[in-house]
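Here is the structure we will look at.
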Amino acid sequence: MTPGVTPSTADLLATAALAEPLPNIAAIPSSAEQSRKSYWTGKVAIVTGGSSGFGRSLAAAFARSGAHVVISARSYEALESAADELRRFGTQILAVPADITQNNQVESLVEHTIRHFGRLDVLVNNAGRSARGTAIDVSPEEFNQLLDLNFLGAVRCTRAAMPHLLRSRGHLVNIGSLSGKSASRYVGAYAATKFALAAYTQQLRLELSPQGVHVMLVSSGPIERRDAGQRYSDRLQGLPAQAAKPGAGVRINPINPDKLSRAILVACRRRQPELIFPAMAGLFFAVLQLFPRLGDWLVRRMT
């Protein structure tokens, strides 16, 4: 601008533009990210089995999206370690030790959540474990033990949380497995427990959807973990070497837990009835139902 000359509007705007640094475009959240965060901001989620593995990844996805998260597991030390890590996302993280095979501890978990936050919007029944063995070698006692954790644990948590989910018209997410859609070899009692969870989830969906509760089953393949292939060394006697591998050797690439977590949050927002991951497995299940003999042949080929 020339001294003594009244600056024009254009001159003033140009000067202001030079004085202020340009925004960092990479730091500006996308509209999709803003929408995701606005949906979850202030909501409260319980994630069982949230101290490690996939549960920890899913809890991080909720926290990153603005939700307050209650993580639960049996080990207090592991929970506190996970909670410290999750708090960096800036939301409230509550660590509540609980054994989901014990009714009183499940009820205490939900009561603690309501006392602290005053609401509950999401329950993720994630706690559970896999197994190894042939179906005929698994004793009734072993079936009962795994059913108590993988299936009845989800029943206990669902019953305790449901009054609050009805009030919030929230989300119930049951973490199943591809083994709950099609049993494979050498997984002991695991497939039976996940089939039970799948049936329970479908019945809940039919009964609760008209009341506004979103019920979703997540059926995924083996999820990446640090101890993959080392977890069942004491249960492999008489089984082929492939049984030690994730999914007892199923020929599916291990699933990235963060990618699956993001997919679950999107599916919840869309209130999908089911999430099959990888999606191509859904086609296989359709073939299995229509042509059981072909389905069995494919299962043997893929495991």
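Among the criteria (1) touching a helix residue (DSSP H, G or I) at 6+ places or on another chain (Cβ under 6 Å); (2) part of a helix (DSSP H, G or I), the one VAL215 does not fulfil is (2). The conditions of being in a loop (DSSP other than H, G, I, E, B) and out of contact with any Lys or Arg (no Cβ under 6 Å at 6 or more places or on another chain) are met by THR101. Evaluating GLY118 against the criteria (1) on the phi < 0 side of the Ramachandran plot; (2) modelled with pLDDT of 95 or more; (3) of a type outside the set (Asp, Glu) leaves one unmet condition, (1). Within segment 180-226, take every residue that is modelled with pLDDT under 95 and of a type in the set (S, T, N, Q) and give me the one that is farthest from LEU152 (Cα to Cα). Checking each candidate, the answer is SER184.
Filtered by the rule that a residue be of a type in the set (Lys, Arg) and touching a residue at least 40 places away in the same chain (Cβ under 8 Å), segment 264-300 gives ARG269, ARG271, ARG300. All of SER139, SER130 fail the test of being modelled with pLDDT under 95 and either farther than 22 Å from ARG64 by Cα or exposed (fewer than 15 other Cβ atoms within 10 Å of the Cβ) (or both), apart from SER130. For segment 1-90, the helices (runs of 4 or more DSSP H) that sit wholly inside it and include 1 or more residues that are at pLDDT 50 or above are 31-40, 53-64, 76-86. Checking the structure you have, find out if any residue of segment 87-109 is of a type in the set (Phe, Trp, Tyr) and surrounded by fewer than 16 Cβ atoms within 10 Å (Cβ to Cβ). No, segment 87-109 contains no residue that is of a type in the set (Phe, Trp, Tyr) and surrounded by fewer than 16 Cβ atoms within 10 Å (Cβ to Cβ).
Residues being within 27 Å of ARG169 (Cβ to Cβ) and outside any helix (DSSP H, G or I) are represented in segment 263-272 by at least one member.
The values are calculated or read from the model by the stated rules, or taken from the named source; none is laboratory data. Owing to the predicted nature of the structure, the values given are computational and were not obtained by experimental measurement. As a convention, Cβ positions derive from the backbone with ideal geometry for all residues, glycine included, and neighbour counts pool all protein chains shown.
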